[in-house]
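These notes concern the structure reproduced below.
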Amino acid sequence: MNTPLSFAFKVATGLFVTLVLSSNVSAEDTLLPDLGDRESAALSPYEEANLGRAFLMHVHRNIPTVDDPILKYFVRNNLFELAEHSDLKVSNLTPIVVDSNELNAFAAPGGVIGINLGLLIFADDIHQYSSVVAHELAHLSQRHFARRVDQARQLGVSHLLGFLTSAAIFAAGGTDPGLAAMAVSNSLNQNLGFKYSRIQEHEADRIGLNALTDAGFDPMGAVRMFERMKERFRYASSSESYFLRTHPLTDERISDLRNHAQTTEETEFEQSLEYQLMRVRVTHRYFDTGGAAMAHAESLDGDALHEKYDLALALVRNNEQTRAVELMEEVYDADPNSIVVIACFADLLIKANQGERALKLVDAALANTPNNEPLSLLKARALRSLERYEDATSIVKRIVRQSSNDPDLWLELEVIAGLAKNIFEVHRARAERYALRGQFPAAIENLQLAKKLIEDKSSILEASLNQRIQELRKAAALNS
């Protein structure tokens, strides 16, 4: 059984062995492309992608992530909007939304961007939030992780191994105090994987600011965000903000950002209703009781659209469905073409036991945006609320074919197939979820259970399962 530390150590050791072996062969012997830069010599894009996949398995198995399709959709859209204007040369990005109210964001090898819910709570507006995302994208585009590997490699074997181990621990579980406590040695702490150098931080600041501006966001949002963070954590201990430990904040950085931000033309920047709705959703995740949700909502002025949504969520939680829906209608009428607004309305209708109306709302939206993931999932949930389990299962099966690397979708299929009494799909969905978590024996066991339910033993379906079992056995051997 792998503990989080042993898993991280194995990942680091495996990558270290790969680097040592690749350093002993000529460019003509290796199958990896020679990109002609020093960072690629230390950590090739291929190796970086492999480490990213190992991170993801670790995260899926050990770190609480968010399964809210609306929040995930918003985070992903914002990430890709900024990525289009960044210096990133690859399009394979994987956003991870971590279920923690601590302020944090990180960029991990292989295009993984981690966003804590605490970032949405802390950032007042879309411009502040996007400035942090753009900064993390800059770390990826400039391959700062690979540069750090190169620096550690020059210090020797023990430093490189310590660096990679600490990177595996902190990148995958930086929000988890238990994981952080494991890296107690000076070697690990001094070589903290994602604590970038001052030069790299300044580089990420400037490049991220360019992407932020080019994408149409307020560049001063970055200044406001850094100023707020500095004030918030002025008297805090270093352990209170993982983000500031990995991204040291100085007056010089803020001044540099301000100077660069002020070189742009003064423009009026619109606020994002969608972002404010997401902040409301995040806030309500952390209320333990309906009473606490209501007390919070009633403390607001209640005039802004997102405040109406805030109250609507509190009301539906306290079984005041009629008033909740009336308030949400006002929000919807203000922006009826927004997928995020439509999804929030449909979600509230399902919570208010109005599945039929939710179904009509989502179907109308899907006519214009077929196969949209959050809307399709909400359609499945509306069908589920109406006890149309087989129809819901069919929809979720189609969605996982589009996004097969998302364990949340496989869990959704597992649950809905169970309600439909489709035990074959339950085992197959469970197998894929286990595989994404790196739990290969459990994945293989579930596929073998699924095979027993197939009546035609010579079918294409059974052949497909046999092939998948072989793939998982190879994966298990590589990760043992």
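The values are calculated or read from the model by the stated rules, or taken from the named source; none is laboratory data. Everything numeric in this text was worked out from a predicted model, so none of it was measured. FYI the Cβ positions are ideal-geometry reconstructions off the backbone, even for glycines, and counts take in every protein chain you see. Ligands, DNA and RNA are stripped out before the accessible areas are found, and what is left, the full protein with its side chains, is counted by its heavy atoms. Shrake-Rupley method; radii C 1.70, N 1.55, O 1.52, S 1.80 Å.
Using a probe radius of 1.4 Å on heavy atoms only, what accessible surface per residue do you get for the range 284-423? Whole Å² is fine. If you can, show how the numbers build up before the last one.
Working: 6640 Å² over 140 residues.
With all protein chains present, the range 284-423 gives 47 Å² per residue.
For the pair the range 374-412 and the range 76-129, the centres of their Cα atoms are 25 angstrom apart.
Excluding ligands, DNA and RNA, the accessible surface per residue across the range 68-110 is 41 Å² with a 1.4 Å probe.
Each peptide in 272-281, 375-384, 290-299, 130-139 gets a packing score, the mean of other Cβ atoms within 10 Å over its residues, and the list from highest to lowest is 130-139, 375-384, 272-281, 290-299. Backbone geometry of the range 252-262 corresponds, through the Karplus equation with coefficients 6.51, -1.76 and 1.60 at θ = phi - 60°, to 3J(HN,Hα) couplings of 4, 5, 5, 5, 5, 4, 4, 4, 6, 5, 7 Hz, x marking Gly and Pro. For the peptides 79-85, 330-336, 392-398, 345-351, the ranking by mean Cβ contacts within 10 Å, running from highest to lowest, is 345-351, 392-398, 79-85, 330-336. The label-point distance for ASP124 and ARG232, in a model that sets each label 7 Å from Cα toward Cβ, rounds to 1.2 nm. In this simple spin-label model, placing a label point 7 Å from the Cα along the Cα-to-Cβ direction at both ASP335 and GLN470 gives a separation of 5.0 nm.
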